[in-house]
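Presented below is the structure to which this report refers.
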Amino acid sequence: MSNSPSGIPRYRFTTAPALFREGFRPFFLLAALWAILSLVIWLPVLQGWTSLPSTFDPLSWHAHEMIYGFAVAAVAGFLLTVIPNWTGRFPLQGAPLVTLTAVWVAGRCAMAVSAWIGALPAAVVDLAFLALFVGAVVREVVAGRSWRNLPPVFALGLLLIGNGMTHLEAAGIVATGDAGNRLGLAVLAGLIALVGGRIIPSFTRNRLVKQKASRLPAAAGWFDRLVVGMVPLALGAWVVGIDEAAAGALLLAAGLATGMRLARWRGIATWRDPLLSALHLGYAWLALGLVLLGVSGIWTHVPESAALHALGAGAVGTMILAVMVRATLAHTGRAQIVGAGTAMLYLLAHAAALARVVAAFLPDSYPVLLPASGTAWIAAFSVFGLIYGPCLLKPRSRPAA
């Protein structure tokens with residue numbers, strides 16, 4: 001037994017391939033691969049060039065796979081990395097990690113061919129991953145008595161419920177598919193508000209202290225707690241479908257407050273550091289997405305799809321890339337230094353999000369902007385795979401201390 005260099009307090013020796021020695025490795029890699037492959041599949045389907053044998057219509061399948069396929073894989077990789085820090089227990093590795101990975105892959109396959117195998121069997125296979133993962137996380141949090149870290153457990157439970165709601169509609173039982181995707185997106189946005197609010201000012205403070213900066217990010221206080229509460233409240237009102245104008249007002253207030261919170265973290269001082277500036281920009285997408293979603297409920301000239309993609313492609317997509325890059329470097333024992341390639345993948349991801357949001361405002365340019373957005377998205381995650389795939393597949397670059 002030894003201490004790992006990346007903060008995981010206990011590390012069990014295993015003969016498993018490097019890919020299955022730590023949870024972030026397979027799930028970060030799969031998240032990137034599915035971000036690419038799902039768009040490669042969906043864009044031709046959307047153009048009518050081919051079809052997908054799924055009980056989900058093309059738009060619903062795309063939304064589902066971005067939320068419950070791509071994003072959930074990234075969340076799993078992140079939580080499997082940080083939970084040992086919280087609990088002081090061994091990380092999931094070896095055969096159990098292989099099993100969990102295989103169940104996620106089976107879910108993606110089942111979703112793609114659900115019209116062939118049936119809606120209910122596809123639902124069972126797809127829901128199995130989140131059900132198993134929730135159980136594993138609950139076991140670790142309870143065994144480690146890490147009660148302060150229960151919120152992510154609740155978030156995973158809500159993701160499981162939301163995913164189940166999408167399958168209820170696909171099976172023709174009840175029309176809850178749209179609400180299920182809304183719930184999933186809302187949970188992901190809430191996690192960014194919560195977790196991003198912890199790590200971004202912390203990482204920024206550490207960096208600026210090393211640079212002997214005179215001004216540091218504001219310390220967390222009542223305003224931060226207020227904003228963290230406002231975001232899920234506003235998103236919850238949107239998900240359950242209360243009065244559209246009331247939900248819009250709550251979302252607008254939450255978005256403006258999120259922007260004010262971000263402004264207190266000295267992001268302007270990080271623009272030369274892509275690892276940090278990427279986190280700040282991802283959080284900025286959260287503020288923008290909430291504002292757009294709020295305004296869309298009040299003013300019909302702002303399309304809801306612009307807000308959804310500001311939250312989805314913008315906040316969720318770019319924040320996932322930023323966290324995956326940083327965590328991959330840290331947990332494979334590599335220096336927290338990046339080059340032009342990483343800066344390029346960040347720019348491509350933001351360009352993809354921006355093009356998709358603008359397309360919602362310019363329907364006449366949709367045939368040009370949508371493929372441009374998809375191409376930039378695919379390119380961003382392809383660059384991530386080329387640069388960081390080898391890091392995920394190979395053992396740590398230096399031994400545990």
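Some values worked out for this structure:
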{"quantity": "Sole residue being at pLDDT 95 or above, of a type in the set (S, T, N, Q), out of contact with any Pro (no Cβ under 9 Å at 6 or more places or on another chain) and over 24 Å from residue 251 (Cα atoms), chosen from 365, 305, 382", "calculated": "382"}
{"quantity": "Pair list, Cβ < 9 Å and 6+ apart or interchain, from region 223-248 residues that are outside any helix (DSSP H, G or I) and charged (D, E, K, R) to residues that are buried (at least 16 other Cβ atoms within 10 Å of the Cβ) and at pLDDT 95 or above", "calculated": "243/237"}
{"quantity": "Condition met for residue 197 (at pLDDT below 95 and farther than 20 Å from residue 294 by Cα)", "calculated": "yes"}
{"quantity": "Subset of region 149-168 that is open to solvent by 70 Å² or more (accessible area, probe 1.4 Å) and in contact (Cβ under 8 Å) with a residue 12 or more places away in the chain - its residue that is nearest to residue 87 (Cα to Cα)", "calculated": "158"}
{"quantity": "Test: residue in region 330-345 that is within 18 Å of the chain's Cα centre (by Cα) and small (Gly, Ala, Ser)", "calculated": "no"}
{"quantity": "Criterion (at pLDDT 95 or above, open to solvent by 20 Å² or more (accessible area, probe 1.4 Å) and in a helix (DSSP H, G or I)) met by exactly one of 136, 186, 123, 131", "calculated": "131"}
{"quantity": "Criterion (of a type outside the set (Val, Ile, Thr), surrounded by fewer than 16 Cβ atoms within 10 Å (Cβ to Cβ), touching a helix residue (DSSP H, G or I) at 6+ places or on another chain (Cβ under 7 Å) and touching a residue at least 24 places away in the same chain (Cβ under 8 Å)) met by exactly one of 313, 306, 343, 322", "calculated": "343"}
{"quantity": "Scope region 103-120; condition under 29 Å from residue 82 (Cβ atoms) and open to solvent by 20 Å² or more (accessible area, probe 1.4 Å); matching residues", "calculated": "103, 105, 106, 109"}
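Conditions tested, residue by residue: (1) in contact (Cβ under 8 Å) with a residue 40 or more places away in the chain; (2) surrounded by 19 or more Cβ atoms within 10 Å (Cβ to Cβ); (3) under 27 Å from residue 150 (Cα atoms).
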residue: 26; (1), (2), (3): yes, yes, yes
residue: 54; (1), (2), (3): yes, yes, no
residue: 66; (1), (2), (3): yes, yes, yes
residue: 76; (1), (2), (3): yes, yes, yes
residue: 80; (1), (2), (3): yes, yes, yes
residue: 84; (1), (2), (3): yes, yes, yes
residue: 90; (1), (2), (3): yes, no, yes
residue: 93; (1), (2), (3): yes, yes, yes
residue: 98; (1), (2), (3): yes, no, yes
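The values are calculated or read from the model by the stated rules, or taken from the named source; none is laboratory data. Quantities reported herein were computed from a predicted structural model and do not represent experimental measurements. Counting neighbours? That spans all protein chains shown, and the Cβs are built from the backbone with ideal geometry, glycine included. Protein only, heavy atoms only, side chains kept; ligands, DNA and RNA dropped before computing areas. Shrake-Rupley method; radii C 1.70, N 1.55, O 1.52, S 1.80 Å.
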